[in-house]
Amino acid sequence: MENILDEKYEKELQTMSPFEIKNTLIKLATDEARKDTDTYLNAGRGNPNWIATEPRDAFFLLGMWAMEEARDESYMKPGIAGCPSKEGIGERLRTFLKDNSSRRGAHLLSKSLDYAEKTLGIDIEELAYEWADGIIGDHYPTPPRILENTERICRAYLAQEMGDHAPGLGKEYDLFATEGGTAAMVYIFESLLANHLLNHRDSVALMTPIFTPYIEIPQLDRYDFNVTNIYADAVDKDGLHTWQYPDSELDKLRDPRIKMVFLVNPSNPPSYRLSQDNLDKLVDIVKNDNPNLMIVTDDVYGTFANDFKSLMYVLPENTLCVYSYSKYFGATGWRLAVIAALRDGNIFDKLISELPEKEKEDLRRRYGSLSLEPGKIRFIDRLVADSRAVALNHTAGLSTPQQVQMSLFSLMCLLDTKDVYKNKMKKLITDRLEALWKGTGFDLVEDPLRVGYYSEIDLMVWGKKIYGEEFCEWLKSTHQPIDVVLRLANETSVVLLNGSGFDGPAWSVRASLANLDEPDYLKIGSAVRRIFDSYYQEYQQSKNK
């Protein structure tokens, strides 16, 4: 069968971000669906098709209460109210929840007040006022970095979810609430450059495959970093990907010229968490060879994993953690994330303190409007200032209604001691994953490190196992890797992303398991197998000719 796009155009497409290529794929898929009455299935993006209901119910009920609190201090004019009064507000909230105990969200709010007071040591008067004032949104975020009690709640949540249920670990971390994980990425890159922690042409490493923006941002003229890829190319005895990092790859980080490493853990797109061996190896590298290595770990999928331990708890002095609430709670539209940094003794503050005098003077000028001792401003507070070009630091911060919702998401999980929500999410993802692979007819090997929010299918691996090495060599010599996703869209109305766009194997495809229903993934798997087999039929025909 002839390609709908010529080889030259396919080569050009491969230079683009997979998230931009998807527009071409969507057009092909929807045109084909209209033509043949096929079902259009887009598993390209990771936007979930579920929402966590209880913390949203709590948010809107809390908002109703907060509005009544404001009206109690009203100006007695239609359409205008004042600000909530702090005195006695905690007991008024308890009374409201008792009177409205049958309403959705009331149970979570009542239990949250008890947990905050008894377990986290938060003053209920302070928390109730923060919630009332915050959800109304009548003040700038104060402190700009994150609201005080929101930080304590989110810190405990991170310790539970990122630190494998060890809440005590989280007490030493400071958080910066950001407009989603994407804003966190932008802020981190900007502040690294502004504070001379990274300079043009410095060497950084990416643990690949990885979320595409981590590949693209370092290439921008503003940064222009020298990038070393650390490939997750380990395979098992059967030649199947384990999506772990061989020692030979991790050993690249022993070179002290590599100043920083970026990773997504669990990975995107393979969706595997780092093994204990990989974690131990990274600890050994930092302790013995590259003690100044800066680490940014993006752990958005960690909540879907069993026994997850983030690098923020394995190498706390060296690590900034980015965590987004978007995927686990079905909240991409809320734009909720945090950057976490160790409060004392982190490498970022240490390296700033050791900068040459000329660069220190540059930073004193940059942050001089914020403090009489700008040299003592910590890196995480510089992130806040840089997010608003320093001059607007006083109006920085994530909007307070967003922070209230963030605290309620966190509290739901802190109260879920039996992991009811987590187990539901894991089963939902696992069922979709199994349906996808059942459709392909390929073997899905059990692996406790697999999380499964995405699945990356390497057609070269299965081509060798099913049709042989000669077929694979023919395929590589006659087609561009991106031809797979183009054919999927054009012939089956299925949209997947090319794994090469994430610096994964060239002939791999990425399927999101978040945004369609289980039967759809069986269809997608069958479509992948249909395209895969069509290449073999073409190969057989070429041999006969």
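A few remarks follow.
Conditions tested, residue by residue: (1) in contact (Cβ under 8 Å) with a residue 12 or more places away in the chain; (2) aliphatic (A, V, I, L, M); (3) closer than 30 Å to Asn23 by Cβ.
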{"residue": "Met406", "(1), (2), (3)": "yes, yes, no"}
{"residue": "Met412", "(1), (2), (3)": "yes, yes, no"}
{"residue": "Thr430", "(1), (2), (3)": "yes, no, no"}
{"residue": "Val445", "(1), (2), (3)": "yes, yes, no"}
{"residue": "Gly452", "(1), (2), (3)": "yes, no, yes"}
{"residue": "Gly463", "(1), (2), (3)": "yes, no, yes"}
{"residue": "Tyr467", "(1), (2), (3)": "yes, no, no"}
{"residue": "Leu475", "(1), (2), (3)": "yes, yes, yes"}
{"residue": "Thr478", "(1), (2), (3)": "yes, no, yes"}
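- Any chance Phe532 is open to solvent by less than 10 Å² (accessible area, probe 1.4 Å) and either more than 33 Å from the chain's Cα centre (by Cα) or over 30 Å from Tyr301 (Cβ atoms) (or both): no
- Matching entry among Ala514, Ala527 (being closer than 20 Å to Ile466 by Cβ, surrounded by 19 or more Cβ atoms within 10 Å (Cβ to Cβ), touching a residue at least 60 places away in the same chain (Cβ under 8 Å) and among the hydrophobic types (A, V, I, L, M, F, W, C)): Ala527
- Considering residues of the range 401-457 that are touching a Pro at 6+ places or on another chain (Cβ under 6 Å) and farther than 30 Å from Arg152 by Cβ only, the residue surrounded by the fewest Cβ atoms within 10 Å (Cβ to Cβ): Glu456
- Among residues of the range 75-131, those that are outside any loop (DSSP other than H, G, I, E, B) and open to solvent by less than 30 Å² (accessible area, probe 1.4 Å), counted: 15
- Options Ile380, Ile352; residue that is among the β-branched types (Val, Ile, Thr), closer than 21 Å to Asn199 by Cβ and either in a strand (DSSP E or B) or in contact with a strand residue (DSSP E or B) (Cβ under 8 Å, 6 or more places away or on another chain) (or both): Ile380
- Total residues in the range 493-508, condition touching an Asp or Glu at 6+ places or on another chain (Cβ under 7 Å) and either of a type outside the set (A, V, I, L, M, F, W, C) or open to solvent by less than 10 Å² (accessible area, probe 1.4 Å) (or both): 5
- Of all the numbered requirements in (1) surrounded by fewer than 21 Cβ atoms within 10 Å (Cβ to Cβ); (2) at pLDDT below 95; (3) of a type in the set (A, V, I, L, M, F, W, C); (4) more than 26 Å from the chain's Cα centre (by Cα), Leu61 misses one, and that requirement is (2).
- Listed by position, the helices (runs of 4 or more DSSP H) enclosed by the range 220-335 that each have at least 1 residues that are under 26 Å from Tyr454 (Cα atoms) and under 20 Å from the mean Cα position of the chain (by Cα) are 276-288, 311-314.
- Selection from the range 412-456 of residues that are within 13 Å of Tyr328 (Cβ to Cβ), in contact with a Leu (Cβ under 8 Å, 6 or more places away or on another chain) and not hydrophobic (A, V, I, L, M, F, W, C): Tyr453
- Unique residue being open to solvent by less than 30 Å² (accessible area, probe 1.4 Å) and more than 18 Å from Met312 (Cβ to Cβ) when the list is Thr212, Thr228: Thr212
- For the range 430-444, taking the residues that are in contact with a Phe, Trp or Tyr (Cβ under 6 Å, 6 or more places away or on another chain) and either part of a helix (DSSP H, G or I) or hydroxyl-bearing (Ser, Thr, Tyr) (or both), the one that is nearest to Tyr115 (Cα to Cα) is identified as Arg432.
- Lys35 vs. criteria basic (Lys, Arg), in a helix (DSSP H, G or I) and at pLDDT below 95: yes
- With respect to the conditions (1) surrounded by fewer than 17 Cβ atoms within 10 Å (Cβ to Cβ); (2) under 26 Å from Asp349 (Cα atoms); (3) at pLDDT 95 or above, Pro167 lacks only one, and its number is (3).
- Every residue from the range 234-250 that is surrounded by 15 or more Cβ atoms within 10 Å (Cβ to Cβ) and touching a residue at least 24 places away in the same chain (Cβ under 8 Å): Leu240, His241, Thr242, Trp243, Gln244, Tyr245, Leu250
- Residue check for Glu470: open to solvent by 10 Å² or more (accessible area, probe 1.4 Å), at pLDDT 95 or above and of a type outside the set (Ser, Thr, Tyr): yes
The values are calculated or read from the model by the stated rules, or taken from the named source; none is laboratory data. Since the model is a prediction, treat every value here as computed from it, not as a measurement. Quick reminder, even Gly has a Cβ in these numbers, built from the backbone with ideal geometry, and neighbours come from all protein chains shown. Remember, those area values only see protein heavy atoms, side chains included, never the ligands or the DNA or RNA. Shrake-Rupley method; radii C 1.70, N 1.55, O 1.52, S 1.80 Å.
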